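A.B. asks: Quick one: structure below, then a few questions.
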Amino acid sequence: MPEEFLIAQNLYKSFNGQKAVDGVSLSINRREVFGLLGPNGAGKTTPIRIMSTVLRPDRGDVVVGGHSLKSKADAIRALIGVCPQDLALYPEFSATDNLVFFGRMVGLDGKESRAQAQTVLELIGLSDHCKGRVEKFSGGMKRRLNLGIALMGHPQLLFLDEPTVGIDPQSRNNIFETLRRLKEEGKTILYTTHYMEEADRLCDRVAIMDGGKVVALDTPVELKKRLGPPDRVTLEDVFLKLTGRSLRD
Ligand SMILES: Nc1ncnc2c1ncn2[C@@H]1O[C@H](COP(=O)(O)OP(=O)(O)OP(=O)(O)O)[C@@H](O)[C@H]1O
Ligand SMILES: [Mg+2]
């Protein structure tokens, strides 16, 4: 039996009476890459914010590594790394200083943090740009650093909210390769993207979201089989069929 590392039970969240998360339950196994897919506003970021302890649900609970969000949110925080949809970087710092700063925030001492920053810079392909101020970086370089920050402190579970959105192909490839390597290393990853082909290649299972609900949850191959032979159907076809919408508004 695969070990369930994250269990989200019946999550609800409304903003001003509007349901953003409408009864979401899902579980993620250890070493699994799990994709959350859905059109804009479907309710991908909000459950991620709840599962990563940033936002309190109106109802429901999340258990990560045996710790409940209700009583042990700090224990969950020690297990996770978060790459938020909106960049969370200090523009006036260098890439190294951003990584070292966040490393210290998650409890590494100065030496550990500097050593890990070097390893992460290599992984995300920014070693040659480690000293310049981040405000001078291209959008793709900032996205890579945003992902790198999530890796500081060796978290066991990564929440990656659209890590490849709106960037040049070179940075997208770099990030995709980084995700592949993290998967090979056995990291547990929850990942959102609008790129269906990326999700198909990377994810062990995906949940398709619409209107705050999970409308389908399975392996990419099983989802494709619902429409026809999996080698002739794309995940995008499944997405369009289930949500009736294109990937972007
Ligand atoms: N802090 C907030 N205040 C009010 N409404 C919010 C807030 N956060 C999210 N919402 C609303 O909740 C719904 C779900 O938002 P969410 O950000 O989870 O969607 P998403 O699938 O991540 O969208 P996107 O693909 O654009 O990132 C949307 O209608 C959004 O406008
Ligand atoms: Mg979002």
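A.B. asks: If R0 is 25 Å, what FRET efficiency do you get for K213 and K72 from their C-beta distance, rounded to 0.05?
C.D. replies: It comes to 0.35.
A.B. asks: Which value does Rg/Rh take for the stretch 104-230 over its C-alpha atoms, Rh per Kirkwood?
C.D. replies: Numbers: Rg = 16.6 Å, Rh = 16.2 Å.
Dividing the radius of gyration by the Kirkwood radius yields 1.03.
A.B. asks: Enumerate the amide H contacts of V33 below 5 Å, restricted to partners 5 or more residues apart or on another chain; note that Pro and chain-start residues carry no placed amide H.
C.D. replies: I189, D204, R205
A.B. asks: Applying the Karplus parametrisation 6.51 cos²θ - 1.76 cosθ + 1.60 with θ = phi - 60° to the phi angles of the stretch 135-141, what ³J(HN,Hα) value in whole Hz is obtained for each residue in order, glycine and proline being reported as x?
C.D. replies: 5, 8, 6, 6, x, x, 5
A.B. asks: Could you tell me the calculated FRET efficiency between E197 and A88, based on Cβ-Cβ distance and R0 = 30 angstrom, to the nearest 0.05?
C.D. replies: With R0 = 30 Å, the Cβ-Cβ based efficiency is 0.65.
A.B. asks: Further, regarding this structure: Could you list, in their original order, any pairs among K44/K225; K183/K213; K44/K111; K19/K142 whose Cα atoms are separated by more than 29 Å? Walk me through the intermediate numbers first.
C.D. replies: On the way: K44/K225 24 Å; K183/K213 27 Å; K44/K111 36 Å; K19/K142 32 Å.
Check vs 29 Å cut-off fails for K44/K111; K19/K142.
A.B. asks: Moving to a separate point now. For the stretch 86-155, what D do you get in µm² per second when you plug the Kirkwood radius from alpha-carbon pairs into Stokes-Einstein at 20 °C and 1.002 mPa s?
C.D. replies: In µm²/s, the coefficient rounds to 186.
A.B. asks: If R₀ is 22 angstrom, what is the calculated FRET efficiency for the pair K136 and V165, using the beta carbon separation as r and rounding to 0.05? Walk me through the intermediate numbers first.
C.D. replies: On the way: r = 21 Å, r/R0 = 0.94.
E(calc), rounded to 0.05, equals 0.60.
A.B. asks: Still on this structure: Just to be sure I understand: with springs between alpha-carbon atoms less than 10 Å apart, which residue in M196, M51, M105 has the highest mean-square fluctuation in the Gaussian network model of the chain?
C.D. replies: M105
A.B. asks: If you don't mind, another one. Using 7 Å Cα-to-Cβ label points, what is the H154/E122 separation (nm, one decimal)?
C.D. replies: So the label points at H154 and E122 sit 1.6 nm apart.
A.B. asks: Most fluctuating residue of E32, E177, E162 in a GNM of the chain with Cα springs under 10 Å: which is it?
C.D. replies: The residue that fluctuates most here is E177.
A.B. asks: If you line up the long axis of helix 95-105 against the longest principal axis of the chain, both from Cα atoms, how many degrees apart are they, to the nearest 10?
C.D. replies: Around 80 degrees separate the two axes.
A.B. asks: I'd like the trypsin sites (Lys or Arg not before Pro) in the stretch 152-249 restricted to DSSP loop residues with at most 15 other Cβ atoms within 10 Å, sorted by number.
C.D. replies: R226, R232, R245, R248
A.B. asks: Can you give me the three principal axis dimensions of the stretch 30-137 from its C-alpha atoms, in Å, biggest first?
C.D. replies: The principal-axis extents, from largest down, are 45, 34, 26 Å.
A.B. asks: Per DSSP helix of 4 or more residues, -39500 (n - 2.57); summed, then divided by the residues of the chain. What does that give at 222 nm, rounded to the nearest 500?
C.D. replies: -11000 deg cm²/dmol
A.B. asks: With springs connecting C-alpha atoms under 10 Å apart, model the chain as a Gaussian network and identify which of Q85, Q156, Q170 has the largest mean-square fluctuation.
C.D. replies: Q170
A.B. asks: Further question: Compute the helix-to-body angle for 110-123: its Cα long axis versus the longest principal axis of the chain, expressed 0 to 90° and rounded to tens.
C.D. replies: That helix lies at roughly 60 degrees to the long axis.
A.B. asks: A follow-up question, please. Would you mind estimating how fast the chain diffuses translationally, via Stokes-Einstein at 25 °C and 0.890 mPa s with the Kirkwood radius over Cα pairs, in µm²/s?
C.D. replies: 132 µm²/s
A.B. asks: Further question: From Cα pairs below 8 angstrom and at least 6 apart in sequence, can you work out the relative contact order of the stretch 86-155, rounded to a whole percent?
C.D. replies: On the way: 82 pairs, mean separation 32.8, N = 70.
The normalised contact order for the stretch 86-155 reaches 47 percent.
Read the figures in this text as sums done on the coordinates, not as results from a lab. Predicted, not measured: the structure shown is a model, and the values here were computed from it. Note that each Cβ is placed from the backbone with ideal geometry, even for glycine, and that neighbours are counted across all protein chains shown.
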